[in-house]
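Working notes, structure below.
The values are calculated or read from the model by the stated rules, or taken from the named source; none is laboratory data. As the structure is a prediction and not an experimental result, all values here were calculated from the model. Because the Cβ atoms are built from the backbone with ideal geometry, glycine has one as well, and the counts that use them run over all protein chains shown.
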Amino acid sequence: MDKLARYRTSVQTLLEQHSQFRAKDEDVENELCFDTVRDHYQLMRVGWKGLTRVYHTVLHFDIKDGKIWLQQNTTDIDVGQELQDMDIPKEDIILGLHPTYKRPYTGYGVA
């Protein structure tokens, strides 16, 4: 399997695993959005909590220039570490949710 295919599979697997978590008392669904042509991948929470609308991006990844970009993470889980556990090199994980000047201090890749 080539690098891009492996990265796509890893990101999709990670999102599928995280989509299994849900609150039992909410009328909220987890939605997986995979755009494998443009390499955008998201886990969304969509629905209603009582009278309040829920429309929330939990995790968002892009694959750009051979690197996995973490664009959003509203969990308390280190998904960068989870990607490393899937044999993704640290330098190929970019924390796009941090400004460019902070990325060299994250321990992950810079771009």
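Okay, here's what the table says:
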| quantity | calculated |
| --- | --- |
| Where a residue in the stretch 93-111 is more than 12 Å from residue 69 (Cβ to Cβ) and its partner, wherever it lies, is assigned to a loop (DSSP other than H, G, I, E, B), with Cβ under 6 Å and at least six apart | 104/110; 106/95 |
| Complete set of residues in the stretch 28-41 that are surrounded by 11 or more Cβ atoms within 10 Å (Cβ to Cβ) and out of contact with any Asp or Glu (no Cβ under 8 Å at 6 or more places or on another chain) | 28, 29, 30, 31, 33, 34, 36 |
| From 67, 90, residue being in contact with a helix residue (DSSP H, G or I) (Cβ under 9 Å, 6 or more places away or on another chain), surrounded by 14 or more Cβ atoms within 10 Å (Cβ to Cβ) and basic (Lys, Arg) | 67 |
| Residue in the stretch 43-59 that is under 21 Å from residue 89 (Cα atoms) and free of Cβ contacts under 8 Å to residues at least 60 places away in the same chain present | yes |
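The rows are residues; the columns are (1) among the acidic types (Asp, Glu); (2) within 25 Å of residue 3 (Cα to Cα); (3) outside any loop (DSSP other than H, G, I, E, B); (4) modelled with pLDDT of 95 or more.
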site: 31; (1), (2), (3), (4): yes, no, yes, yes
site: 41; (1), (2), (3), (4): no, yes, yes, yes
site: 44; (1), (2), (3), (4): no, no, yes, yes
site: 57; (1), (2), (3), (4): no, no, yes, yes
site: 84; (1), (2), (3), (4): no, yes, yes, yes
site: 111; (1), (2), (3), (4): no, yes, no, no
